[in-house]
Amino acid sequence: MSIIKPRTMPGTMELLPRQQVVHQRFLDTIRQGFERFGFQQIETPAIEMRDVLLTKSGGDTEKQVYFVQSTGSLAQGQDPKLALRFDLTVPLARYVAQHEHELAFPFRRYQIQRVYRGESAQRGRFREFYQCDIDVVGKDSLGLTADAEIPAVIAHVFTALGIGSFTIHVSNRKILRGLLAAHGIDSEEQRAAILREVDKLDKRGRGRVEETLRTGDFGLDDAALAVLMDTIALRGDRAATTEKLRELDVEDPTFREGLDELDAVLGALDDLGVDPERFCANLAIARGLDYYTGTVYETLLDDHPEVGSVCSGGRYEDLASFYTKSKLPGVGISIGLTRLFDQLSALGVLDENAHGSTRVLVTEMDASLAEHGRRCASMLRAAGINTELHTEGQKLAKQFKYATKAGIRYAVILGENEVENGTAMLKDLDAGSQQEVALDELAATIDAAD
RNA sequence: GUGGAUAUAGCUCAGUUGGUUAGAGCACCGGAUUGUGGUUCCGGGGGUCGCCGGUUCAAGUCCGGUUAUCCACCCCA
């Protein structure tokens, strides 16, 4: 019988138990942060109805969708009617439209689940990955404070994750759209193409972007290009950006609206007590996705800018227009946890030798003394200590080796001497030290250890 | 989807101008007199050299095809 090579689909992330512990800490921290800011959890099915998921909006995304089909349906030659979700925003829109009358608005939800995209695999690009989303969805209207709450949560969460300093870049799409409109570029397609180019400013540098915009068919005259390049170079705090923008004195109403909104959001962030070091205005943040209509965000790690955006989102004026006639504006953001975790792991900044969830291994010295081990394990478990009972009767050395590899820090040894004395030997495998402890003090001793 | 590179052990890779039974490090398993691991020493298992075909006395090595992977672009978390 031939052996099938064990392997996973490229673009998936699978962890060993000790890495999984660290990943779980990330999930826990993110969840707690979201809940701290008053967001409530929902989950939606990984599989959605095809027609629900693939509203006619999806041009580029549609090529990356995994269809799902039963073998029976396939055998009958039918087209797949199901598909895997490629983000959490579209399912949210469906969810809100479907349950509109049972939800309290503004609806603040968080959702931490895996999504699927048919990407060609590359570092930092996954086919299955976690998104950690928060969104606020209003009914008919949604105030601008929500646009400030979103980065406030993210600042809180990323600080709590303890992965180094980061900056949330904030902009407002109306500013550039208005600016372009003021220069006579009002084709939505043309504007989108220009914004996509603008988005590459950090990656390619000002020179190349300017060159592309000048030579390509973007409909920009020299004056427009000059103003645009000056505008997207603006970056910094409220004073350094919004005041300069006002000085441009652009007459377009959309431009003014975007400017006022950005100003208000930056001000609200101050009120919310967000560390001014953790966010900035950056007019080059445009976001390729065209469903964002106002505020947009991108989060970069200051020490590892090459990782790219690990958390981005924005405001959309009408979330669920494909599913309901109600007007449901929203604002939200998504942490790309899998990419973030994978990149941090590759950079070696994660603790790869974290202890697992098991704190103690009760070893077995001799089969004739096994009952003492069982009682000891039971006692430790009753005291709330995560305890594994070794049952394989190997040499002590092997049992220690096992514990080390499994990320268990403490070993309890119950040999003849200990049983006679009514004690247990407690060994700290990290420190290499051990102490004999009375059995009835064992749980307390372990509890008190680091 | 477009372009480029690579394909040898579980992982990272060596393999000289084609030449006998294909190597190293790490990992894994076992041992160094049986109540102490993560260090050291010794030993061991594991590869139809991605797949198909061609050239040759002889192919891991050269040629063609194919598949897969990786990188860049596109797009994104």
Q.
Checking the conditions here, which among A:Arg173, A:Arg204 is within 15 Å of RNA strand B (Cβ to nearest atom), charged (D, E, K, R) and either open to solvent by less than 50 Å² (accessible area, probe 1.4 Å) or on the phi > 0 side of the Ramachandran plot (or both)?
A. A:Arg173
Q: Hey, can you tell me all the residues within segment A:431-450 that are near RNA strand B (Cβ under 7 Å from one of its atoms) and surrounded by 12 or more Cβ atoms within 10 Å (Cβ to Cβ)?
A: A:Gln434
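State all residues of segment A:114-131 that are assigned to a strand (DSSP E or B), open to solvent by less than 50 Å² (accessible area, probe 1.4 Å) and touching a Phe, Trp or Tyr at 6+ places or on another chain (Cβ under 7 Å); if no residue qualifies, say none.
Taking segment A:114-131 first, the residues assigned to a strand (DSSP E or B) are A:114-116, A:122, A:125, A:128-131.
Adding the requirement that they be open to solvent by less than 50 Å² (accessible area, probe 1.4 Å) leaves A:115-116, A:128-131.
Those that are assigned to a strand (DSSP E or B), open to solvent by less than 50 Å² (accessible area, probe 1.4 Å) and touching a Phe, Trp or Tyr at 6+ places or on another chain (Cβ under 7 Å): A:Val115, A:Tyr116, A:Glu128.
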Q. Which of the residues that make up segment A:400-418 are within 8 Å of RNA strand B (Cβ to nearest atom) and in a helix (DSSP H, G or I)?
A. A:Phe400, A:Lys401, A:Ala403, A:Thr404, A:Lys405, A:Glu416, A:Asn417, A:Glu418
Q) Which ones in segment A:309-354 are at pLDDT 90 or above, within 13 Å of RNA strand B (Cβ to nearest atom) and open to solvent by 70 Å² or more (accessible area, probe 1.4 Å)? A) A:Arg339
Q: With the condition kept exactly as written, say whether any residue in segment A:327-338 is closer than 21 Å to A:Tyr130 by Cβ, assigned to a loop (DSSP other than H, G, I, E, B) and outside the structural domain of A:Glu243 (by TED's automatic domain parsing).
A: no
(Q) I'm trying to understand the selection: among the residues of segment A:421-430, which are within 8 Å of RNA strand B (Cβ to nearest atom) and either of a type outside the set (A, V, I, L, M) or assigned to a strand (DSSP E or B) (or both)? (A) A:Met425, A:Lys427, A:Asp428, A:Asp430
Q) Hey, among A:Phe86, A:Phe37, A:Phe67, which residue is hydrophobic (A, V, I, L, M, F, W, C) and at pLDDT 95 or above? A) A:Phe37
Q) Among the residues of segment A:265-308, which ones are open to solvent by less than 40 Å² (accessible area, probe 1.4 Å), of a type in the set (D, E, K, R) and within 16 Å of A:Arg339 (Cα to Cα)? A) A:Glu298
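The values are calculated or read from the model by the stated rules, or taken from the named source; none is laboratory data. A quick note: this is a predicted structure, and the numbers were derived from the prediction, not measured. Quick reminder, even Gly has a Cβ in these numbers, built from the backbone with ideal geometry, and neighbours come from all protein chains shown. The area values use the complete protein model at the heavy-atom level, side chains included, leaving out ligands, DNA and RNA. Shrake-Rupley method; radii C 1.70, N 1.55, O 1.52, S 1.80 Å.
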